[in-house]
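Data first, discussion second: the structure below is written as structure tokens.
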Amino acid sequence: MKTLEMRFSGAGGQGLQLCAKIFSRVLLGEGYHVSLSQSYEPTSRGGLSRADIVASDGSPDYPLATDLNTVLILDQAAATASEGIIRDDAIVIVDPRRTKNPPKGKFKIIELPLSATAIALGSERVTNVVATGVIAELSDDIELDIVEKALRAISPKKFLDLNMDALRAGVDLARGVKAA
Amino acid sequence: MNKQVALKAETKKDFEIRDYLRLDLFPHFMCPGCGHGIALRALLWAIHDQGIDKNKLAIVSGIGCSGRVGTYIDANTYHTTHGRPLAFATGLKMARPDLHVVVITGDGDCLAIGGNHLIHAARRNLDITCLMLNNEIYGMTGGQVSPTTPHDRFTTTTPAGNMEPVFDASRLAEAAGAGFVGRELTIHLPRLRDLISEGLEYKGFSFIEVMSDCTEINGRKNDLGSSAEMVLGQTRAMRPSEYDNNVVDHPFRPNSMDMGVFVRSNRPEYGATYRAMVDQISEGQKS
Amino acid sequence: MAILDTKHRKEPINVLIVGVGGQGVIMVSKVLAQICQNLGYQVKQSEVHGMAKRGGVVFSHVRFGAQVWSPTIPMGKADVLIALEWAEGLRWMSYLRPDTGVFIADTKRIVPPFACRSRILGADIGYSRDTPDDVREKVAEAYALDATEMATRAGNERAANTLLLGALSTTLTFPVSEWKKVISQMVPPKTVDVNLAVFDQGQQWIDSSRKGDPVAGAAFVPLVQPEVNPVRTSLEITEEWCKGCDICVKMCPERCLILNKDQVVELAEPEKCTGCHICEWLCPDFAISLNPIPQEAVA
Amino acid sequence: MTAIAEQASPTAIKTGITHQMTGNEAIARGAWEAGVKVAAAYPGTPSTEIMENMARYPVGDVHAQWSTNEKVALDVAIGASFSGVRAISMMKHVGLNVASDALMSFSYIGVHGGLVLIVCDDPGIHSSQNEQDSRIFGRFAQIPVMEPSDAQEALDYTKIAFDLSERFDTPVMVRSTTRISHTRSPVLVSERVTPKDLGFNADVTKNVMVPGHARARHPKVIERLERLAEYLETSDLNRLELGSSKIGIITSSMSYAYVKENLPDASVLKLGLSFPLPKKLIQDFCAKHDRVIVVEELEPVIENEIKTWGLKVEGKEFFPRIGELSPEQVRLSFEQAGVLEPVENALGPQFEPLIRPPVLCAGCPHAMSYTAIRSLDVRVAGDIGCYTLAVGDPLTAIDTTVAMGSSIANAAGMYLAGTETKPIVATIGDSTFIHSGIPPLIDAVYNKANITVILLDNHITAMTGGQENPGTGKTLRGEATHEIDFEAMIRACGVEWIERVDSYDAASMMQTMRESIAYRGVSVLIADRPCVLDPVKIKGPTMSVDAKDCNACQGCMNLGCPALIWSDEWYEGRHVVKIDPTACIGCSVCAQFCPTGAIQPTLVLDQKAAKAKPCGGS
């Protein structure tokens, strides 16, 4: 039985919940049993916001994350939230612009300019989509074109072009990491 | 003739807002472009202009984005329960008439769950300054419809557009008997400052409606643009409607909104009346 | 005292009428041209318009005599210069005959937006500071009257150009009846009376002015520049507090702020900042502070 | 005086006596007197008033129309000529460029009913994008070019042009200049003649320019020019004024007046046509004089042709090729040529000149449109119209302007070059868009450009003084007609992103413009507000500045509105703004931008002042 545990964490307002929704949709489509649990503060901006996905191709035994293998950290507020539950072989993606002190451990930390890339594309708001592209490309278990379809399905027409650009930019960032 | 106004060779700022802030809490929690920040500046500036001692100032706030605004003021601040800041403030002012009591509340806090308290606070005309930050939505909880959400606006609870008519908060306060009522846009900071200043000075219940903007929730959901575009958009509202009919072929915006002071009455202040009555009764008991 | 002998001069007589778009320059020149035509002179009247109604400069050359060739007046050959606006009169002064030219100007000022374009402390208005006295020193014969004010008092502000026609009539040997006839034909019927009245006023004003009588309507308010103490300011940005909402960038009158690559506000062109407070006042995050620099530190 | 009293109908004015007329009025009169039946034009300074005057003649006499552009106008006139009536088309010099395609071929065809083309040049560039010399165009098209020198000649030549046109089977160009078109001088008028309607001429070898027919027509064009030149040798269109044999002057057009102004007694050959030239007449004139000088404005058209005959004439070594001539300039050039003794020209006193460039009107909707554009940091391809003024301070929002209708294709080219990092915007007015902006829009969509077109729809052709166009729903004579539905038309061109925004709505303008730029592909934003001057002058309740609230940031002045000026009050050493109530039309755009709320409707401030005292409450 294969289990994927992913965490999308940062500050409120960064689009982490949407990011998690896309991946849970994708994993559901691939036949996994998926549990998505969200946690955020009453404020719409700032404060810790996170969403966890636990996906299993067998019968999952526990819905909450205990052994993360993919972690996204977009803000300092989330840097310590996952301490102790990250696997040693996990991929931890960090945006250094707003996370000055990333968590420490044996796992591999990949620092990528996610928000800077989004700003360069025209809006900081698509940081989450850039991150989606990065994770989709780095993960061996997720098909990129299914992610793209899922994103296309939920994007308002007005932001479709921008979202697609952001996804591609994220994929490019991840390919750079792979090549290095 | 030219009026010559020489410039003061000032070396220190007259009003330094940081003197009035709890700097350790900054940056504050509000979203980028939130009008509440501008309203907070106006309030503190007015307090400065009125020369009110920070130790004699009590800020009472409720729940919501507006409720958190008071937290940043370096004075006596109370973060109370949802809808009840006016009730708390009433008790506070009755117990300590020497304090300047300022209530910071929002449209949902003040008009929905706290609507009852508003009308009675206004009716009593107790010497409280009530600053209602009207951003036309429940921002803190993610954008639900509030009593001031305009017609046809999209919120999470009105996915097909708001069908309810709105409260005109200032007219409501006026009708309930508030002694001083005024409304201003956040973008017009000097005017807002002067309005709040007048409200603070007024002996009685002063209700000040601040037209704030919620860029991140209301703005994004309803496609109202960036923060600058939203505050510019608000200025449309202050064009009197008869004005357009005279100028152009088609009206600019059907519902226009007045700004400024609507009511400044000579009604007796509740606290003073109450104390006079107490004095009278205790005189009577003595004799 | 120059009254031009219209009958016996060999060269054409040249009248230059100037002002700003919308003031009625063309109307003045049409009336003059019509009178000349009625009295049997050859007349040419040349104007350039097109951009004029967009607040630009308007001028009209009127030349008449037994034989007129060029429709434009050669520089230095205008016998009379009529200005409906003060600074416009000064602009065309070099067209006037230096020895005999007569200058008649309304002291009305129409300040162009360009004259108010500087936001630096104590900025000077970019409008001519020359007074009628400065002009009288340099011109053979100069009259400055507040024709707009006089016409307003007479009941129609827009009749100022007719008042100047009255002033102009004193320099030419045309019968007054002819002037009045043509004016009556050319103005809207409802305004004939007021136009004829101000025509007389303009004539009387010049006549009494020539006699040396002090006359009303000559008040000229000089432009005075107040002394200002320059106070330098510096813009202090608390970067950690800025959330990049863009409101200051969009509302800055000088457009001297930008959002940098981290979406934090930056004073890109400090030399342009006028210290107007707008960014400080509108920043919802209190990230901008405008501080005066002490005088001693400036030196 | 407020306005000129309505003049009598031009047909009612007395004939046989002189009237003061501008060159343009005289041309219209000349055309009418010649019995013209169809007149078509596109407005353009300094030619506009010809058609406006044409429209004052009775409908039964002449059909007068604004066309969508100059080529259409000329083609309409050509159609009328085919049908055997006299037709006229008028345009400015740059308009001739647009019409030139039709002109070049029509020159081969020749006329059936007489056809006259009026072209008004703008030496000195008072109101144009260049000062090209249209006489060269006439020579290029091999059609005669007549050059009147005053209003009387403008009338006479226009009439004669029709006769020449029919007699020599050629379109005839009458070339005016700003100075002739806009100068009033005495004109003797006469009655209209009514030429016989000739009916359609069904000669396809003449009317259809397929190669076989055209080859046969070309020799006829050369032949008719020779006959015309022959005719001109003795025609009184050329005037010989003989004086001293030392100096002879050959001149034409307005230059003649400047020559006479300076040398009233000189020997002058005044040419009525600058093309073709009467060779023998000129040879004789040169032979009679020791020295011959050609005086002409702009290009050495006459001078060079004479030189090709081997005759020795002088000209452009003394007279400028650039700009408008003037009596002073001609005098100076004669001094340089040694014809006149240099004299110290005594001038009046000099004063520091005040800068007063033309500005957009108070309340002009373009001001808001360009303020929004300026806030975006984009590359802007501009076009021809009032809005070209946005190139200057304070709007400074235009990067390029080439010619009528160029903006959209220029913008597409900038995009296709692939080097521009900023978003690319084209701005174009409604009339200019109809004139020649539609094909480039189709081209931009077809070739997948990513640009934003901002259609500045002020419902009129404003720059030239407020003429109707197909977007206004009215004809030249004010009759109701079909009004273009811009949105439907643009959609039909293949544009998917179209929004219409009120130009006075600052927030919506800025927001919608930002969104239109974000769209990939061709997006069109229609900035919709009528011109404040035409067809009706808009004057609403004014705005005022509450001086106590103004912090003198002068942000409102970025609109460049002429109603906004400095008051005598100061705030922290800067001028508080005031609004000139006579100029303000109450558009309220400045009030929307005022960050302190100091700008308010005057009536609101008055009401507030009235009820400043405390009231009794509810």
FRET efficiency, 1/(1 + (r/R0)^6) with R0 41 Å, evaluated for D:HIS482 and D:ALA202 via beta carbons: 0.85
Percent RCO, i.e. relative contact order, over the stretch A:1-128, from Cα pairs under 8 Å lying at least 6 residues apart: 25
1.4 Å probe accessible area per residue over the protein assembly as shown, in Å²: 38
Length-normalised contact order of chain D in % [C-alpha pairs under 8 Å, at least 6 apart]: 10
In Hz, Karplus ³J(HN,Hα) per residue of the stretch D:313-324 (6.51, -1.76, 1.60; θ = phi - 60°; x = Gly, Pro): 10, 10, x, 5, 5, 10, 9, x, 8, 10, x, 7
Carbon + sulfur, % of accessible area of the stretch B:3-286 - ligands and nucleic acids excluded, 1.4 Å: 53
For D:GLU569, residues with placed amide H under 5 Å, excluding near neighbours: D:VAL576
Relative contact order of chain B, pairs being alpha-carbon contacts under 8 Å that are 6 or more residues apart, as %: 18
With DNA, RNA and ligands ignored, accessible area of C:TRP281 (1.4 Å probe; Å², nearest 10): 10
Interface B:C - total buried accessible surface [probe 1.4 Å, Å², rounded to 100]: 2900
Label-point separation in nm, D:ASP443 to B:ALA276, each point 7 Å along Cα→Cβ: 8.4
Sulfur and carbon atoms: percent of accessible area, chain C [1.4 Å]: 53
Contact surface D-B: accessible area buried, both sides summed, square angstrom, 1.4 angstrom probe: 3300
Förster-model FRET efficiency, 30 Å R0, C:GLU240 and C:LYS272, C-beta, rounded to 0.05: 0.75
³J(HN,Hα) computed for each position of the stretch D:220-236 - Karplus, 6.51 cos²θ - 1.76 cosθ + 1.60, integer Hz, glycine/proline x: 5, 5, 5, 5, 5, 5, 5, 4, 5, 4, 4, 4, 5, 3, 10, 5, 7
Selected from A:PHE23, A:PHE107, A:PHE159 as most flexible by GNM, with chain A as the system and alpha-carbon contacts under 10 Å: A:PHE159
D/C buried area, accessible surface, summed, 1.4 Å probe, Å²: 7300
Cysteines, chain C, no other Cys beta-carbon under 4.7 Å: C:CYS36, C:CYS116, C:CYS242, C:CYS245, C:CYS252, C:CYS256, C:CYS273, C:CYS283
Accessible surface of D:LYS279 - all protein chains present, 1.4 Å probe, nearest 10 Å²: 90
Placed amide H near D:ILE526: partners under 5 Å, 5+ positions off or other chain: D:LEU455, D:GLU499, D:ARG500, D:VAL501
Over chain D: helical MRE at 222 nm, DSSP H runs n ≥ 4 each giving -39500 (n - 2.57), nearest 500: -10000 deg cm²/dmol
Computed label-point distance, nm, for sites B:ALA175 and D:ARG239 using a 7 Å Cα→Cβ extension: 8.5
Centre separation in Å (Cα based) which lies between the stretch D:17-76 and the stretch D:149-218: 13
Surface share of carbon and sulfur [accessible, 1.4 angstrom probe, percent] for the stretch A:3-179: 51
Karplus-derived 3J(HN,Hα), 6.51/-1.76/1.60, for each residue of the stretch C:26-38, Hz, glycine and proline x: 5, 4, 4, 6, 5, 4, 4, 5, 5, 4, 4, 4, 4
Cut-off under 5 Å, modelled amide H: who pairs with D:MET543 long-range: D:GLY586, D:THR602
Nitroxide proxy distance, nm - points 7 Å out along Cα→Cβ at B:LYS286 and C:ASN260: 6.9
For chain C, built as a Gaussian network whose Cα springs stay under 10 Å, the top-fluctuating residue of C:VAL68, C:VAL231, C:VAL25: C:VAL231
Rg and Dmax [Cα atoms of chain D; Å; Rg one decimal, Dmax integer]: 27.8, 102
Set of lysines with alpha-carbon distance to D:LYS37 below 28 Å, sequence-local pairs under 8 removed: D:LYS14, D:LYS71, D:LYS92, D:LYS159, D:LYS196, D:LYS206, D:LYS220, D:LYS474
Most fluctuating residue given options C:THR171, C:THR274, C:THR152, as computed from a GNM of chain C linking Cα atoms under 10 Å: C:THR274
Solvent-accessible area of C:ILE258 with every protein chain in place, 1.4 Å probe, in Å² to the nearest 10: 70
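The values are calculated or read from the model by the stated rules, or taken from the named source; none is laboratory data. All figures in this text were calculated on a predicted structure; none of them were measured in a lab. Cβ coordinates were reconstructed from backbone atoms using ideal geometry, including for glycine residues, and neighbour counts include every protein chain displayed. Heavy atoms of the whole protein, side chains included, go into the accessibility calculation; ligands, DNA and RNA do not. Shrake-Rupley method; radii C 1.70, N 1.55, O 1.52, S 1.80 Å.
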